[in-house]
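Written below as structure tokens is the structure these notes are about.
The values are calculated or read from the model by the stated rules, or taken from the named source; none is laboratory data. Note that the structure is predicted; figures quoted are calculated from it, not measured. All Cβ positions, glycine included, derive from the backbone under ideal geometry; neighbour counts span all protein chains shown.
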Amino acid sequence: MSVHKVVVLFSGGVESTCMLYMYLRKGWLVYPAYVKAGYPWESLELERAKSLWLYTKKKYKNLMSLRVLTTLNPERVKDRKHDKNLFIPLRNINLVAMAGNYALLKGIERVAIGSLGIYPFPDNNADYMKRLQSLINVELLTPFMGMEKHEVIRGFSEGVPLDKTLSCIRPKRFLGKIIPCGVCEKCKERQEALKHLLL
């Protein structure tokens, strides 16, 4: 009996971490991949993601090494206003292409991305992902497509250390710890979604 394998695009945020744990609980061999493109939030985000990976590795033997993949930043995002309308051109196709290359090198047939499809960007919807699937040689999994962030949390966060996740475009280091800014759009979305756990 063959074991399912999947490359999971993993940033250490809420969706990617819930997705990581979902496949780990299924018993799949999970190969997390962080794509680094030179955005200003990445160094601290990656540091937190590595810490979360170490924490999770102690619980799941089917979690493979965290691979950092490097691509080019398509534009100078740091020069733009960071709000809910921040569209990063080629973002998802870059993520999928990098993870797809890694999957093929490892002999893995599946790549999973935690896109919700709720943001008004041309590369963030089910139709785009289907068209992207037709261009690559791996199966593209989008298990949370069409969900709201709070629905992902409610349905898939059991056993997930949400307190260790980071969804922030301006994280900072304070007293030796990496903390979210608390005011950016990513932080607001995360805070709003977590409120639903208390309802």
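Filter segment 1-27 for residues that are buried (at least 18 other Cβ atoms within 10 Å of the Cβ) and small (Gly, Ala, Ser) and give the result.
Of everything in segment 1-27, those that are buried (at least 18 other Cβ atoms within 10 Å of the Cβ) and small (Gly, Ala, Ser) turn out to be Ser11, Gly12, Gly13, Ser16.
How many residues are among the aliphatic types (A, V, I, L, M), over 21 Å from Gly159 (Cα atoms) and not in a helix (DSSP H, G or I) when one looks only at segment 34-77?
Keep residues of segment 34-77 that are among the aliphatic types (A, V, I, L, M), which gives 35, 37, 44, 46, 49, 52, 54, 63-64, 66, 68-69, 72, 77.
With the extra rule that they be over 21 Å from Gly159 (Cα atoms), the set shrinks to 35, 37, 44, 46, 68-69, 72, 77.
Restricting the remaining residues to those that are not in a helix (DSSP H, G or I) gives 35, 37, 68-69, 72.
So the count comes out to 5.
Among the numbered criteria (1) of a type in the set (Val, Ile, Thr); (2) at pLDDT below 90; (3) not in a loop (DSSP other than H, G, I, E, B), which single criterion is violated by Val152?
(2)
Scan segment 1-28 for residues that are assigned to a strand (DSSP E or B) and either at pLDDT below 95 or within 12 Å of Glu109 (Cα to Cα) (or both) and report the count. Outline the logic, then answer.
Of all residues in segment 1-28, those assigned to a strand (DSSP E or B) come to 5-9.
The next check asks that each one be either at pLDDT below 95 or within 12 Å of Glu109 (Cα to Cα) (or both); those that pass are 5-8.
Total meeting the criteria: 4.
Mind listing whichever residues of segment 156-186 are assigned to a helix (DSSP H, G or I) and surrounded by 11 or more Cβ atoms within 10 Å (Cβ to Cβ)? First the steps, then the outcome.
Our first condition is that a residue be assigned to a helix (DSSP H, G or I); within segment 156-186, this holds for 156, 162-164, 185-186.
The answer is Phe156, Leu162, Lys164, Glu185, Lys186.
Suppose we filter segment 109-128 for residues that are assigned to a loop (DSSP other than H, G, I, E, B), aliphatic (A, V, I, L, M) and surrounded by 20 or more Cβ atoms within 10 Å (Cβ to Cβ); how many remain?
Going through segment 109-128, the residues assigned to a loop (DSSP other than H, G, I, E, B) turn out to be 109, 113-125.
Within this subset, residues satisfying the condition of being aliphatic (A, V, I, L, M) are 113, 116, 118.
Applying the additional criterion that residues be surrounded by 20 or more Cβ atoms within 10 Å (Cβ to Cβ) yields 113.
Of the residues in that region, 1 qualify.
Quick one: count up the residues across segment 92-116 that are out of contact with any Phe, Trp or Tyr (no Cβ under 8 Å at 6 or more places or on another chain) and of a type outside the set (Asp, Glu).
First, the residues of segment 92-116 that are out of contact with any Phe, Trp or Tyr (no Cβ under 8 Å at 6 or more places or on another chain): 93-101, 104-105, 107, 109-111, 113.
Subsequent filtering for residues that are of a type outside the set (Asp, Glu) retains 93-101, 104-105, 107, 110-111, 113.
Residues flagged as out of contact with any Phe, Trp or Tyr (no Cβ under 8 Å at 6 or more places or on another chain) and of a type outside the set (Asp, Glu) within segment 92-116 amount to 15.
Within segment 83-93, can one find any residue that is surrounded by 14 or more Cβ atoms within 10 Å (Cβ to Cβ) and modelled with pLDDT of 90 or more?
Checked segment 83-93: no residue is surrounded by 14 or more Cβ atoms within 10 Å (Cβ to Cβ) and modelled with pLDDT of 90 or more.
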